[in-house]
Amino acid sequence: MTTEETVRADLKERVDALLTTHDPATTDQLVFLRAQFDAGLAWVHFPEGLGGLGLPRAHQTYVNELLAAAGAPDNDPRRIGIGLGMAAPTILAFGTDEQKRRFLRPLWTGEEVWCQLFSEPGAGSDLAAVGTRAVRDGDTWVVNGQKVWTSSAHKARWAILLARTDPDVPKHAGMSYFICDMTDPGVEVRPLRQITGEAEFNEVFLSDARIPDAHRLGEEGEGWKVANATLMNERVAIGGNAAQREVSMIGFVANAWRTRPELRRPEAHDQLTSLWVEAEVARLSGKRLRQKLAAGEPGPEGSGMKLTFARLTQQITGFELQLLGEEGLRYADWTMTRPDIVDFTGRDAGYRYLRAKGNSIEGGTSEILRNIIAERVLKLPAEPRADKDIAWKDIPR
Amino acid sequence: MTTEETVRADLKERVDALLTTHDPATTDQLVFLRAQFDAGLAWVHFPEGLGGLGLPRAHQTYVNELLAAAGAPDNDPRRIGIGLGMAAPTILAFGTDEQKRRFLRPLWTGEEVWCQLFSEPGAGSDLAAVGTRAVRDGDTWVVNGQKVWTSSAHKARWAILLARTDPDVPKHAGMSYFICDMTDPGVEVRPLRQITGEAEFNEVFLSDARIPDAHRLGEEGEGWKVANATLMNERVAIGGNAAQREVSMIGFVANAWRTRPELRRPEAHDQLTSLWVEAEVARLSGKRLRQKLAAGEPGPEGSGMKLTFARLTQQITGFELQLLGEEGLRYADWTMTRPDIVDFTGRDAGYRYLRAKGNSIEGGTSEILRNIIAERVLKLPAEPRADKDIAWKDIPR
Amino acid sequence: MNDDVNLLYTDVETALRESVSDLLTARCSPEKVIAVFDGDREIQPKLWRSLALDLGLAGLLVPEERGGAGASAREAAVVLEELGRFAAPVPFLTSSVIASAALLHAGDDRLLATVASGERTAAVVVPFSTAPNDLRPTVRADGQGALNGRVTSVAGALEADVLLVPVAAQDGVELHAVEAGAASVTPVVSMDMTRQLADVDLDAAPGTRVVEAGGDTAVRGALELGAALIASEQLGVAQWCLDTTVSYLRERTQFGRSVGGFQAIKHRLADLYVTTESARAAARYAAATAADEDSDRHVAALMAKSYCSEAAVRAAEECVQLHGGIGMTWEHPAHLYLKRAKADQIALGNPQAARRQLGELVDLPMPPAGSTA
Amino acid sequence: MNDDVNLLYTDVETALRESVSDLLTARCSPEKVIAVFDGDREIQPKLWRSLALDLGLAGLLVPEERGGAGASAREAAVVLEELGRFAAPVPFLTSSVIASAALLHAGDDRLLATVASGERTAAVVVPFSTAPNDLRPTVRADGQGALNGRVTSVAGALEADVLLVPVAAQDGVELHAVEAGAASVTPVVSMDMTRQLADVDLDAAPGTRVVEAGGDTAVRGALELGAALIASEQLGVAQWCLDTTVSYLRERTQFGRSVGGFQAIKHRLADLYVTTESARAAARYAAATAADEDSDRHVAALMAKSYCSEAAVRAAEECVQLHGGIGMTWEHPAHLYLKRAKADQIALGNPQAARRQLGELVDLPMPPAGSTA
């Protein structure tokens, strides 16, 4: 047998063992998920004892297929995307052993939802400008400030938080990274309504919120480094899910063209097929990138996928509204709601058009991503900086 | 009579007088043109005694119509475009009385062709970086350096020249502006072949070329200011000639579509009509700008016309080659020639496609024009500059 | 093609713009306009009354001898620029431009006069997406002259006192006037709630025939004028987006620098400036040729609809993007302009439909689909 | 659609790329390529001999048992990337890809074997702009089997020893082999002189029928493979343009700063990088599906031709623009790539034609022109 075959045989055996001891038909979902975690079958690329087996990431697909075939429950990954995509890899990379043991299991099983407290009204693209202050008080940090663009904050048990711990040093050096308890009385969550009518995000106000020093992630002053690792993982997650052909915005348009001949216009055909080609090439690019990164770490190349994804999603939904004509003038509902997850499918074209506008802003604007590609991939000179070598408190704002 | 009517009546009288004393049918062209100049009917917006009558520029159109109707010769304005469009307004604005008297008349009649010695290999967009040195020797300047992108240099009697006269001050302050005699033995002209195969431009090598101080235009050290006035006039000239509907690159494509039904493809129609709309809107924008500027000076808004003109010319010719299909794979002639003037009409589509690439580079790149619009029209902050306050000789290059 | 047309603003037009702008500044705050999206349409009736009656805009396009202000499409265009700049939720386009233009074809001026005076508001009952060359009446008259049929996504119907219904008749299209109360007018949740649409159902509704067999000419002409002039509204939208974005980015700092000083941003704003100025030329030309009944007005209308539709959407999209997160919020007015721009793009024939029709007019026809091997 | 396809480069492919690149670096300088535009084709025969014989590329795609190297479209694609990067004036695409693919359908392997060995060079005689689904033979056989007709703008004919001529016959298209000496082959002044075209006239030329009634399938398949793989050549062109521009702008200073440090330039180059990497995914997918004879290869070829055509032209246009004046000169090689990119865009079906055909394949058909009111 090849190594590959040996690994798969071993995984099959482990899955079978799990299914034997925990019959999905009769086992409580949470019990099953905890057992799956403990069997190392949660995320096989994580270390043993932390839900994984230290294998290449790609093998998880095989495990998931076996489990799905047996009717096993899943952890509803979209509901806990921030925990899985951002918090978990960061905790794995920078957490203490105790933090890893405490947080990863309930994160993965979905018992504890996570959110992210990075952006502020004055620190968007310039995330390193965060002004939320954390001041040490013995073994505790006292945090004051305002965060925005926090999805799931009202559902979350924990947050990853970037805060300024030293305003007297240059801005990149004065931040630290914390795990913040969202049930702390100093944390107030207010819905932030968007142009879609919904409040998918929140504003979070921190007023003397207290965080034990044991919940610091990485060294004091190392917050920028830790946050960057988080964001790299986020961008891969955002840009990377290409799936099958037409499983993206283009699928809605293609479906409309196929099933509603009355919408077809010869003058729209070249744009339709251009977008189809672009969507499919983007999917193949994502596949190629995943093949390249299969064994490696997320790199700046992932920024390109996110750029393309944002542009295409916006172009396709904009085209779709024109194609729909009269129907494109109507909207489903402006009522403010607080959805649990962002899901473009099952929504009307108008919602998708408006929501897609955020794709080039959230998780790094397209402008910032172009800077990253230019500087880190193409090695072009960095922007002239006025804020690098002076204390944060002295930067004009 | 309205003022307008009075002016037109007076102009009619002057033209009639000129035609009476100089019957176009029997008068030598040059004699006629000199007489036209002396009658103030060359460019009516110039002062009296310098070929004009101090009237608004728009009246020249009326004079030209009257003269054309009478079969009068013209001064072949395209052949002497640099003299008319760049040298003349600069001499008028900055020249001494003696310079105006000496240069404007033969410039306008076409007896003396002018060229422009601004750009250098190391000073393209950053024109203020010119390194051609002019060193004073009594009443004469001795000039050394290399200039590029000089059209008509091999035909020219005179050049407008930007040279560095003081390398010890910041770059914008150390230049002066001269009228250079192209017959000076220190001036060598070499053809510069372009991607079209032709050598429409030249390189000019200046080796101890001598210029009397009386041929300096503007004060010593004021060269940048004078050159800017020249360039503003150039950009208006480049972007401004919108003429009639379809009298631009789009005319070729429209004509092909109309007369060669075998080239028509439904998938090309939306692009064809998009470009048609854009070309026509650009023409109307040019007309609107000319209406706005009718009595005024060229402003930074003209930069927008040049931007649009360059972009559209490139897009349309690129589309045309695709529309032509097989014919677009063929080219007329790669033989090196030295044409007198640039004329897109009567050339094949391949030539037009390649030549159009220069439209966004010559006379200010599109990138520089966007800077100008952003800073001078929209009042956005200037680029951070590393070369403003140090002596020219100390700037890294 | 008219090459002497004035593409600038006359002094009269500039004065009119100022009075409209002053009124909207005072009465049409972004907060109140945003509230319209939550169904709070309180701002609407008073604002429209002020514009229609106090400023006399209701009958702007109607000749004085027929009860109006006797102005031209040029002045109406300037009003629409300002309405676009404020995303104002008033039925000027639908009543004072499109419906009034249709009523100019009526044999009898009584209805026109009440609309021109601002006393009553009217709307032509077609889907707002209808291109001028794509009129397809779905309402029919029964033997007694009562009207039956359904028309969806009608703009201006909610505000209208009287509905002008194109009716398919044997020898063409007739235009019938129906009292709003006699029809069932159901509000539609619309992409652009500042011009909320409605579905109109007619169930044996009594109507008065105001234009006979030439009704299709009347309605097509009215829709064409609408397309020509909505371009000016789109210009106003683009102008607001450009101005607001430039101001914001001059102030906003990131990385210790004004965001408006980053070159990539500057270049995009420069391009947007050029696009907006080009849209102005296109919109002015459409308005001026419509005002002069120039033979080029049909070409001008399609050209302006094509160009200004794209310009407004692009400006609004850039506005949201360059504001960053704040531009995505409900509180910031940017979304009003995005929604208005997107709806206006689709309204009265989308840009691709306009270009296809334009191709026919300028002898650049779309070939049949069979034209490759 | 094949979702397990490997879109990376295998070690074998990387080694092949290096040997091609080494040879081209040594033998294919920009100066010599530029000289081709002035009719100095001295570089051509020796360079092709080295590639075809010394590296054995002539028969790369031909199975070993039929006299070739037995490699696949994946390896041919990598060769084309390198040929694109050097704008190399050799008939690999026309002889070793397109003509060889057509000859794989021949009943008899003798001609194929001489082409695969590099001994002889072949070309399919169609206008280079011909899309795979748009074959229209203009040559006919007379009663004696001699060929008559004219085919214009043929790529590879100038270098060919043997011409493969699609001939219109009663029951379809046949493919005839004609000795180059028996035809009149007139060089054409071409946009891309690094792949100079020729007009081919046949005047009672003796030919040998190599493929009978299935000739259309053979030629269409060969042209489709050409379209699938020219995408890799276009990728090579784009890559050269990106790399060269980035290097130049890192060095070039204006305003006392590296031009590559200006943000507007950086953002354009970042976008160009993303486009180039996307073109790589498209080109690799086309090559891999062609290599596997995957059922998705037809879609993949059209997709790659559409995407990579635009990518290469854009990269070459940006290359000229961002080099400024120097990029407009005859001495700088940028123009070689602009001309190659533009010609490749038109070759084998332009992007719009490819997308129209793609629409048919993926059930997104172009509707008839009558489909509005």
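Observations
- Residue of D:352, D:234, D:196 that the Gaussian network model of chain D assigns the largest fluctuation, springs spanning Cα pairs under 10 Å: D:352
- For chain D, built as a Gaussian network whose Cα springs stay under 10 Å, the top-fluctuating residue of D:78, D:200, D:151: D:151
- Counting only DSSP beta bridges with both residues in the protein assembly as shown, the antiparallel share comes to about 85 percent.
- Only one residue of D:121, A:360, A:282 has its Cα farthest out toward the positive end of the dipole of the protein assembly as shown, where Lys and Arg carry +1 and Asp and Glu -1 on Cβ, and that residue is A:360.
- CD proxy at 222 nm, helix term only [per DSSP H run n ≥ 4: -39500 (n - 2.57); per residue of chain C; nearest 500]: -15000 deg cm²/dmol
- The loop-placed trypsin sites (Lys or Arg not before Pro) in segment B:11-80, going by DSSP, that have at most 13 neighbouring Cβ atoms within 10 Å of their Cβ come out as B:78.
- Under a model in which nothing but the beta-carbon of Lys, Arg (+1) and Asp, Glu (-1) is charged, segment C:217-361 shows a dipole of about 440 debye around its Cα centre.
- Each Lys and Arg adds +1 at its Cβ and each Asp and Glu adds -1 at its Cβ; summed about the Cα centre, segment D:198-292 shows a dipole of about 820 debye.
- A straight line joining the Cα centroids of segment C:230-285 and segment C:328-373 runs 21 Å.
- Whether segment B:114-221 is rounded, prolate or oblate, judged on the alpha carbon gyration tensor where a/c under 1.5 counts as rounded: oblate
- For segment A:270-278, the Karplus equation 6.51 cos²θ - 1.76 cosθ + 1.60, evaluated at θ = phi - 60°, returns couplings of 5, 5, 4, 6, 4, 5, 4, 4, 5 Hz by residue, with Gly and Pro reported as x.
- Calculated FRET value between residue A:20 and residue D:360, using beta carbons and R₀ = 51 Å, to 0.05: 0.45
- Using a 4.7 Å Cβ-Cβ cutoff, the cysteines of chain D lacking any partner cysteine are D:28, D:308.
- Amide H to amide H, with H built 1.01 Å from N, residue B:120 comes under 5 Å of B:148, counting only residues 5 or more places away or on other chains.
- Across segment C:210-218, computed HN-Hα scalar couplings (Karplus, 6.51 cos²θ - 1.76 cosθ + 1.60, θ = phi - 60°) run 9, 10, 7, 4, x, x, 5, 4, 4 Hz from first to last residue, x flagging Gly and Pro.
- Chain A: calculated mean residue ellipticity at 222 nm from DSSP helix runs of at least 4, using -39500 (n - 2.57): -12500 deg cm²/dmol
- Rounded to the nearest 20, the size of the Cβ-charge dipole of the protein assembly as shown about its Cα centre is 1600 debye, with Lys and Arg at +1 and Asp and Glu at -1.
- Each Cα pair under 8 Å and six or more residues apart adds its sequence gap; the mean of these over the residue count of chain C is a relative contact order of 18 percent.
- When both segment D:1-68 and segment B:326-397 are represented by their alpha-carbon centers, they are found 35 Å apart.
- Listed residue (A:233, A:337, A:266) projecting farthest to the positive dipole end of segment A:227-377, Cβ model: A:233
- Segment B:110-124-segment D:199-223 distance, computed between alpha-carbon centres (Å): 56
- For chain C, the share of DSSP beta bridges that are antiparallel, to the nearest 5, is 85%.
- For chain D, lysine pairs separated by 8 or more sequence positions, or belonging to different chains, with Cα-Cα distances below 17 Å total 4.
- Each residue of segment D:62-78 was assigned a 3J(HN,Hα) from its phi angle through the Karplus expression (A = 6.51, B = -1.76, C = 1.60, θ = phi - 60°), giving 8, x, 4, 5, 10, x, x, 8, x, 8, 10, 4, 4, 5, 4, 5, 5 Hz with x at Gly and Pro.
No lab work stands behind these numbers, since they all come straight from the coordinates. Values in this document were obtained by computation on a predicted structure and should not be read as measured data. Please note: Cβ atoms are built from the backbone with ideal geometry, for glycine as well, and neighbour counts cover all protein chains shown.
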